[in-house]
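Presented below is the structure to which this report refers.
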Amino acid sequence: MKQKIILFLVTSIPYGLAMGIIFVNDKNEWLKKSLVSGIIFGLLMTVILSIIQWINQRRLGQKKGKLKVNNTVRFEIEDSKQEILELCEKSLVNIKKCIIEKSNLDEGTLTAKTGVTWLTWGEYILFQLEFIDDNKWMVNVSSRPIVKTTVIDYGKNRDNIQRIIEYIRDKKNSVKIIQDDCNIT
């Protein structure tokens, strides 16, 4: 609900202000016309964008709960640090328009960026490896919008995480999900 209120305010206020500027010559009715047009536009945009969000939520298989914009998963995996980082790099092949920006074996980090689609302005995907013991590693995977003020992403970041986890699980049997903030398991 909070997401819908923010969406309504973000769409209705600027539109209402723009209409106020256009109707300013109508000295008696300009405030009323700009408020009404802003409210109608805000409601219309909230309904349309919520329907698109709902359709994508069903497409991704999420039956209940809201889609979050920032998604994170933590999992344990057994292998060498280099092999795990290479596996993480290969998992990005399943994500359209994804390019690796930085890969650092010493730090155990991998940063990637996706391109603009009709749903989003792109996403940042970050992998962080933490040593547990012997050949066991904790991997943190996060996907978030490039535009930090994004209110609704139509499930795109959740989809990124889901594609990555599916690829890694397909290649490795030793994957154990520890924390799943986006309900993909």
With respect to residue 170, is the statement that it is of a type outside the set (Gly, Ala, Ser), without any contact (Cβ under 8 Å) to a residue 60 or more places away in the chain and either surrounded by fewer than 13 Cβ atoms within 10 Å (Cβ to Cβ) or more than 11 Å from residue 70 (Cα to Cα) (or both) true? yes
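Tally time: how many residues in segment 53-88 are among the hydrophobic types (A, V, I, L, M, F, W, C), outside any helix (DSSP H, G or I) and modelled with pLDDT of 90 or more? Give the steps one after another, and end with the answer.
The initial filter retains those residues of segment 53-88 that are among the hydrophobic types (A, V, I, L, M, F, W, C), namely 54-55, 60, 67, 69, 73, 75, 77, 84-85, 87-88.
From what is left, the residues that are outside any helix (DSSP H, G or I) are 60, 67, 69, 73, 75, 77.
Now narrow it down to the ones that are modelled with pLDDT of 90 or more: 73, 75, 77.
Number of matching residues: 3.
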Check residue 86 against each of (1) of a type in the set (Asp, Glu); (2) within 30 Å of residue 10 (Cβ to Cβ); (3) free of Cβ contacts under 8 Å to residues at least 40 places away in the same chain; (4) surrounded by 13 or more Cβ atoms within 10 Å (Cβ to Cβ) and name the one condition it does not meet. (2)
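Condition first: open to solvent by less than 70 Å² (accessible area, probe 1.4 Å) and within 15 Å of residue 4 (Cα to Cα). Now tell me which residues in segment 23-56 satisfy that. Break it down into steps so the answer makes sense when it comes.
In the first step, residues of segment 23-56 are kept if they are open to solvent by less than 70 Å² (accessible area, probe 1.4 Å); the result is 23, 26, 34, 37-38, 41-42, 45-46, 49-50, 52-53, 56.
Answer for segment 23-56, where residues must be open to solvent by less than 70 Å² (accessible area, probe 1.4 Å) and within 15 Å of residue 4 (Cα to Cα): 41, 42, 45, 46, 49, 50, 52, 53.
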Among (1) within 22 Å of the chain's Cα centre (by Cα); (2) among the small types (Gly, Ala, Ser); (3) surrounded by fewer than 18 Cβ atoms within 10 Å (Cβ to Cβ), the one test that residue 91 misses: (3)
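Just to be sure, is residue 4 touching a residue at least 40 places away in the same chain (Cβ under 8 Å), closer than 19 Å to residue 149 by Cβ, in a helix (DSSP H, G or I) and touching a helix residue (DSSP H, G or I) at 6+ places or on another chain (Cβ under 8 Å)? Break it down into steps so the answer makes sense when it comes.
On the way: touching a residue at least 40 places away in the same chain (Cβ under 8 Å): yes; closer than 19 Å to residue 149 by Cβ: yes; in a helix (DSSP H, G or I): yes; touching a helix residue (DSSP H, G or I) at 6+ places or on another chain (Cβ under 8 Å): yes.
Yes, satisfied.
Out of segment 89-116, which residues are assigned to a strand (DSSP E or B) and in contact with a strand residue (DSSP E or B) (Cβ under 7 Å, 6 or more places away or on another chain)? Please lay out each step first, then the result.
Quick first cut of segment 89-116, residues assigned to a strand (DSSP E or B) only: 98-104, 109-114.
Residues satisfying the conditions are 98, 99, 100, 101, 102, 103, 109, 110, 111, 112, 113, 114.
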Within the bounds of segment 116-127, is there any residue that is touching a Lys or Arg at 6+ places or on another chain (Cβ under 6 Å), in contact (Cβ under 8 Å) with a residue 40 or more places away in the chain and not aliphatic (A, V, I, L, M)? no
Looking at (1) under 30 Å from residue 181 (Cα atoms); (2) touching a Gly at 6+ places or on another chain (Cβ under 7 Å), can you tell me which one residue 2 breaks? (2)
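How many residues does segment 129-181 contain that are hydroxyl-bearing (Ser, Thr, Tyr) and farther than 26 Å from residue 48 by Cβ? Let's see the steps before the verdict.
Filtering segment 129-181 down to residues hydroxyl-bearing (Ser, Thr, Tyr) leaves 142-143, 149-150, 154, 167, 174.
If we keep only those that are farther than 26 Å from residue 48 by Cβ too, we end up with 142, 167, 174.
Qualifying residue count, segment 129-181: 3.
The values are calculated or read from the model by the stated rules, or taken from the named source; none is laboratory data. Small disclaimer: the values here were computed from a predicted structure and weren't measured. Positions of Cβ are generated from backbone atoms using ideal geometry, with glycine treated the same way; all protein chains shown enter the neighbour counts. Quick note on the areas: whole protein, heavy atoms, side chains included, nothing else; ligands and nucleic acids left out. Shrake-Rupley method; radii C 1.70, N 1.55, O 1.52, S 1.80 Å.
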